[in-house]
1. Determine the calculated [θ] at 222 nm for the chain from helices alone, applying -39500 (n - 2.57) to every DSSP H run no shorter than 4 residues and normalising by the residue count; nearest 500 deg cm²/dmol.
2. Taking 1 over the mean of 1/r across every pair of different Cα atoms in the range 4-97, what Kirkwood radius in Å do you get?
3. Explain nothing, just the number: relative contact order of the range 7-101, from Cα pairs under 8 Å at least 6 residues apart, as a whole percent.
4. Hey, in the GNM for the chain with a 10 angstrom Cα cutoff, which one of 55, 40, 86 fluctuates hardest?
5. Just to confirm my numbers, what's the Cα centroid distance between the range 74-101 and the range 1-72 in Å?
6. So, in nm, how far is label residue 8 from label residue 69 when the simple model puts each one 7 Å beyond its Cα toward the Cβ?
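Every number here is computed from the coordinates shown, using simple stated rules; none is lab data. Quick caveat, the model's predicted, so the values are computed rather than measured. So basically every Cβ, Gly included, is an ideal-geometry build from the backbone, and we count neighbours across all protein chains shown.
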């Protein structure tokens, strides 16, 4: 199954390494089932040596609805100055506080 992308027009930047990532929900459910899976951040730039490097942001088997509720408004509260840059550390803090890690 294809991943569900969050904000393809944005770069999710981890302050620890500065790498631009895409935020994705990798789901593990079948048709007509609740959508569950894991939120991940992936480097998706073919020219980079670390293209495809993935970090997990939540534990497995988290409901997509729960992730969406916890991250509601991320475009504002996780903004990192430039409107297209999102602070991945702020996303991680929110997920940790919600007990999704």
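1. After summing the helix terms and dividing by the residues of the chain, the value is -5000 deg cm²/dmol.
2. After inverting the mean inverse Cα-Cα distance, the result is 13.7 Å.
3. Computed over the range 7-101, the figure is 27 percent.
4. Result: 55 has the largest fluctuation of those listed.
5. The range 74-101 and the range 1-72 have Cα centres spaced 13 Å from each other.
6. 2.8 nm
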